[in-house]
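The values are calculated or read from the model by the stated rules, or taken from the named source; none is laboratory data. Keep in mind that this is a model prediction, so the values were computed, not measured. Don't worry about glycine lacking a Cβ; one is built from the backbone with ideal geometry, like all the others, and counts go over all protein chains shown.
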Amino acid sequence: MFDWKKYLELARALNTTSVGYEARKRTVVSRAYYGIFNLALQYARAQKWPILKDGNGHKSLSEEFRKQQDDSCKRVGALLSQMRNNRNKCDYADVVSGLDKSVSSTIADAEEAEKIIDTLRK
């Protein structure tokens, strides 16, 4: 089974190289988001939460986390939403203002979400 944390590791590594500045930064945001998205999805499936499998699956996952009573789950939902917004800008916009800020906030959000999900799994 693929270890989705490897995407976050890749994002961290890409963030330290100097090759292809903008493409690299956009990729960092995307990989960090997808790493956490898939970790969160694994957790949600283990909990048997109803997550849509169509184009609305990303929104569905963050909403399902926010619906839970546990504050940690609510926080994961909020982080997923923030990271997805940054990822959408980086993947689809011709111009991304504040790219460095998007990178640093997405990495920080991903690291926080990773810790929370690891704690929830215990």
Looking only at the range 1-22, count every residue that is under 15 Å from S104 (Cα atoms) and of a type outside the set (S, T, N, Q) and tell me the total.
9
In the range 10-58, which residue that is over 23 Å from V96 (Cβ atoms) and among the aromatic types (F, W, Y) is modelled with the lowest pLDDT?
W49
A78: within 20 Å of T16 (Cα to Cα) and small (G, A, S), yes or no?
no
Which pairs do you get when a residue that is over 9 Å from G35 (Cα atoms), found in the range 4-16, comes within reach of a residue that is hydroxyl-bearing (S, T, Y), reach meaning Cβ atoms under 7 angstrom, with the pair 6+ apart or on two chains?
L14/T27
Here, helices (runs of 4 or more DSSP H) confined to the range 24-122 with at least 2 residues that are aliphatic (A, V, I, L, M) and either surrounded by 13 or more Cβ atoms within 10 Å (Cβ to Cβ) or in contact (Cβ under 8 Å) with a residue 12 or more places away in the chain (or both) are 71-92, 99-121
Could you list, in sequence order, all residues of the range 50-87 that are more than 16 Å from Y34 (Cα to Cα) and among the small types (G, A, S)?
S72
Taking only the range 9-23 into account, find how many residues are assigned to a loop (DSSP other than H, G, I, E, B) and buried (at least 18 other Cβ atoms within 10 Å of the Cβ).
1
